[in-house]
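The values are calculated or read from the model by the stated rules, or taken from the named source; none is laboratory data. Computed from a prediction, not measured in an experiment: that's the story for all the values here. Cβ: placed from backbone, ideal geometry, glycine included. Neighbour counts: every protein chain shown. With ligands, DNA and RNA removed, areas are computed over all heavy atoms of the protein, side chains included. Shrake-Rupley method; radii C 1.70, N 1.55, O 1.52, S 1.80 Å.
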Amino acid sequence: MNKPEQNGTGAKPRRQYDETYKRHAVELTLRGDRTVKSVAKELGVAPWALYEWRARYAGRPGDDRPAPRTLAEAEDEIADLRAEVIRMREREGALKKAMGILSEPPGSGMPRSRQ
């Protein structure tokens, strides 16, 4: 009798997928007409694997840039994002000051208009 190929523990050997296959699977999940679970079942892949592939290969919402592929690209992106966070905090502080000034009741330092 022919036994299925196993690695001594009784488990099947892990299948390896190339990047093209993973990207195609991610595209299928992003179309929106099927759930990730249904695509995973159709492809014979675990749903958690598809979610990991989506995190790696799918574009991020609100970001036109692709995910970084190298450590240097990731470090550059982190530096850009940190600078953006600093700018956003500065804007937030300015808006809070403006709201504080505009929400003061009349008569607290502002001259009244004469009628």
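Limited to region 12-58, what total is found for residues that are part of a helix (DSSP H, G or I) and acidic (Asp, Glu)?
Adding up the residues that qualify gives 4.
Hey, ALA67 hits all of (1) in a helix (DSSP H, G or I); (2) surrounded by 11 or more Cβ atoms within 10 Å (Cβ to Cβ); (3) modelled with pLDDT under 90 but one; which does it fall short on?
So the condition that ALA67 fails would be (1).
Is it the case that region 85-102 has a residue that's open to solvent by less than 90 Å² (accessible area, probe 1.4 Å), at pLDDT 95 or above and closer than 30 Å to ARG56 by Cα?
Yes, there is a match, as at least one residue in region 85-102 is open to solvent by less than 90 Å² (accessible area, probe 1.4 Å), at pLDDT 95 or above and closer than 30 Å to ARG56 by Cα.
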